[in-house]
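The values are calculated or read from the model by the stated rules, or taken from the named source; none is laboratory data. Since the model is a prediction, treat every value here as computed from it, not as a measurement. Here the Cβ positions follow ideal geometry from the backbone for every residue, glycine too, while neighbour counts run over all protein chains shown.
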Amino acid sequence: MNESKPPQKPSALSAFIFASRWLQLPLYLGLILAQAVYVFHFWVELVHLVEAAFGQPEALRAIFEASGQNSAHPPTHLTETTIMLVVLGLIDVVMISNLLIMVIVGGYETFVSRMGLEGHPDQPEWLDQVNASVLKVKLGTAIIGISSIHLLKTFINAENYSDKALIAQTVIHIAFLLSAMAIAFTDRLIHPPHDHGGHDNKGDKSH
């Protein structure tokens, strides 16, 4: 009774407009290059930390300045605060790198083309149900994590910041937190929990 209609061939204009999504490809390739820069920066900071642990003055001065500490006298040895600030900086690089991967893989999968990773042993779990809405929520939570690291670094090194800067960073972090909560709440209103269950049941029936 229900005869499936053959797929209609899109018009030349529709095909051209749809093919314009490939203009985003150079953007994602550019983010991959940015990822490479972050990897290089990570190893530079890590090498400086290891060299500073062995007492090299230039490495000590480099990580002391990179951690945002101000002093009229050059450092002579590593302190716990300096090590903590450098390690938090490395964690910050890793979290930003994770954010880049999320944008590159999730954005390409959502807006450009399917990657055909079904059944791949290394396929991320979040990629199974990725869409523009889910991607926004995940990006929001990732930004909160990055902002938390920056805020922690600021409070550890609070003596080198003014009260105005401390208050401003705290307010910005709270703004990020409220924004992510608003995005998650909006997504929950648009896609209630029972809707997700309904999709899962349909998926089970199809298998």
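Summary table
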| read-out | value |
| --- | --- |
| Residue match in the range 156-163 (condition: out of contact with any Ser or Thr (no Cβ under 7 Å at 6 or more places or on another chain), at pLDDT 85 or above, loosely packed, with under 11 Cβ neighbours inside 10 Å and closer than 24 Å to Val137 by Cα) | no |
| Subset of the range 39-69 [of a type in the set (Phe, Trp, Tyr) and surrounded by 14 or more Cβ atoms within 10 Å (Cβ to Cβ)] | Phe42, Phe64 |
| Some residue of the range 61-73 being modelled with pLDDT of 85 or more and of a type in the set (A, V, I, L, M) | no |
| Matching residues, the range 39-59, being at pLDDT below 85 and touching a helix residue (DSSP H, G or I) at 6+ places or on another chain (Cβ under 6 Å) | Ala59 |
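Residue-wise test of (1) under 20 Å from the mean Cα position of the chain (by Cα); (2) in a helix (DSSP H, G or I); (3) of a type outside the set (Gly, Ala, Ser).
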residue	(1), (2), (3)
Ile83	no, yes, yes
Gly89	yes, yes, no
Asn98	yes, yes, yes
Ile104	yes, yes, yes
Tyr108	yes, yes, yes
Ser113	no, no, no
Leu139	yes, yes, yes
Ala168	no, yes, no
His173	yes, yes, yes
